[in-house]
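Undergrad: Take this structure first; my questions come after.
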Amino acid sequence: MMFGTQIQFALLATLANLFIGQELEPQFNNPHLSTSLGNFWSKRWNLMMSKSLKSVIHEPTRSLFTPVLGRRWAIHPAILATYVVSGLMHELIHFYVGRIWPTWEVMWFFIIHGLCVTIEVEIKKKASKNGWKLNPIISTPLTVGFVMATGIWLCYAELIHCGADVREIEEYVALIDYVKHRLRIALISGYNHIM
C-alpha cells in the first residue's frame, strides 16, 4: 500500500521532470523509517498534504482553543480536527473513485490515528521529562506495523469493496496496451521510412 503510493508519486515526478523539466517537491521522506505516528504523518508521509493541513486546519484550530484550554492542551483538539478533516477528505475521494456510499472505515482509520497521536504526544512529554526515549529499533517497526495493519484493516478493505483495485489493474493494462500500440506504430513507420 505505502510502497505502491510512493511508486506512483515517483513516476509522476519523473514524468514531470522529463516532459516539462520541473523538479517536483518530494511527497515522501522514507516513511518506512518513521519512529512514531506523529513522525510518520507530519514529516514522512504525503508531505504536501501535511503542510496544507497544518496551515489550514491544525494551526487555526490550535489558535482557537488556546484561549480556552491553554497552549499545552490546545494541541489535542487541533490534532483531532486535522485527522477528522483528512478522514472526510479520504472518504470523499473513495466516494468519487468507487461511486458507493461511504462505510466510514477510512474515517475511523484517521480518527484512530488522531487519537493515537494525541496519546503519543502526552506519552512523549512525560517520557522526555524522565529522560526516557524509545529506541528506533523498537519504535520504527511498531509504527510502520501499526500504520500498515490499520491501513489494511480499514482503508484497503474499502478500496477492494468499491472495486478500485480491479479498476486500477484495468487501467495499468490499458496503459501497457497503449504503449505497445504506440511502439508498434513507431516501429512500423520507422521500418517503412527506411524502405
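Undergrad: Tell me whether the stretch 112-120 contains one or more residues that are without any contact (Cβ under 8 Å) to a residue 24 or more places away in the chain, within 25 Å of Gln8 (Cβ to Cβ) and of a type outside the set (Asp, Glu).
TA: Scanning the stretch 112-120, I find no residue that is without any contact (Cβ under 8 Å) to a residue 24 or more places away in the chain, within 25 Å of Gln8 (Cβ to Cβ) and of a type outside the set (Asp, Glu), so the answer is no.
Undergrad: Mind telling me which of the residues Tyr83, Tyr96 ends up being among the hydroxyl-bearing types (Ser, Thr, Tyr), surrounded by fewer than 20 Cβ atoms within 10 Å (Cβ to Cβ) and within 25 Å of Leu159 (Cβ to Cβ)?
TA: Tyr96
Every residue, every condition in (1) among the β-branched types (Val, Ile, Thr); (2) crowded, with 16+ Cβ neighbours inside 10 Å; (3) more than 17 Å from Gly38 (Cβ to Cβ), yes or no:
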| residue | (1), (2), (3) |
| --- | --- |
| Glu105 | no, yes, yes |
| Phe109 | no, yes, no |
| Val117 | yes, yes, no |
| Gly145 | no, no, no |
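Undergrad: With respect to Arg71, is the statement that it is at pLDDT below 95 and of a type in the set (Lys, Arg) true?
TA: When the stated conditions are applied, Arg71 passes them.
Undergrad: Considering the stretch 120-137 alone, what residues qualify as being modelled with pLDDT under 95 and under 13 Å from His32 (Cα atoms)?
TA: If the condition is that a residue be modelled with pLDDT under 95 and under 13 Å from His32 (Cα atoms), then Pro136 is the only one that fits.
Undergrad: Residues being among the polar types (S, T, N, Q) and touching a residue at least 60 places away in the same chain (Cβ under 8 Å): count how many of those fall in the stretch 149-179.
TA: 0
Undergrad: Residue under question is Val106, and the condition is that it be assigned to a helix (DSSP H, G or I), modelled with pLDDT of 95 or more and of a type in the set (A, V, I, L, M, F, W, C); does it hold? Break it down into steps so the answer makes sense when it comes.
TA: On the way: assigned to a helix (DSSP H, G or I): yes; modelled with pLDDT of 95 or more: no; of a type in the set (A, V, I, L, M, F, W, C): yes.
No, not satisfied.
Undergrad: Can you confirm whether Arg72 is surrounded by fewer than 19 Cβ atoms within 10 Å (Cβ to Cβ), among the charged types (D, E, K, R) and closer than 27 Å to Asp165 by Cα?
TA: no
Residue-by-condition table, conditions (1) outside any loop (DSSP other than H, G, I, E, B); (2) more than 24 Å from Glu168 (Cα to Cα):
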site: Ile7; (1), (2): yes, no
site: Pro26; (1), (2): no, no
site: Asn29; (1), (2): no, yes
site: Asn39; (1), (2): yes, yes
site: Ser42; (1), (2): yes, yes
site: Ile57; (1), (2): yes, yes
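Undergrad: In the stretch 86-101, how many residues are in a loop (DSSP other than H, G, I, E, B) and free of Cβ contacts under 8 Å to residues at least 24 places away in the same chain? Don't jump to the end; show me each part of the working.
TA: Looking only at the stretch 86-101, we keep the residues that are in a loop (DSSP other than H, G, I, E, B), and these are 99-101.
In the following step, the residues that additionally are free of Cβ contacts under 8 Å to residues at least 24 places away in the same chain were identified as 101.
The total comes to 1.
Undergrad: Further, regarding this structure: Among (1) farther than 20 Å from Glu120 by Cβ; (2) touching a residue at least 12 places away in the same chain (Cβ under 8 Å); (3) not hydrophobic (A, V, I, L, M, F, W, C), where does Ser63 come up short?
TA: Of (1) farther than 20 Å from Glu120 by Cβ; (2) touching a residue at least 12 places away in the same chain (Cβ under 8 Å); (3) not hydrophobic (A, V, I, L, M, F, W, C), only one is false for Ser63: (2).
Undergrad: Could you tell me whether the stretch 34-51 includes any residue that is under 13 Å from the mean Cα position of the chain (by Cα) and free of Cβ contacts under 8 Å to residues at least 12 places away in the same chain?
TA: The answer is yes; a qualifying residue exists.
The values are calculated or read from the model by the stated rules, or taken from the named source; none is laboratory data. Here the structure is a predicted model, which means the values were calculated and not measured. A quick note on method: Cβ atoms are made from the backbone with ideal geometry, for glycine too, and the neighbour counts reach across all protein chains shown.
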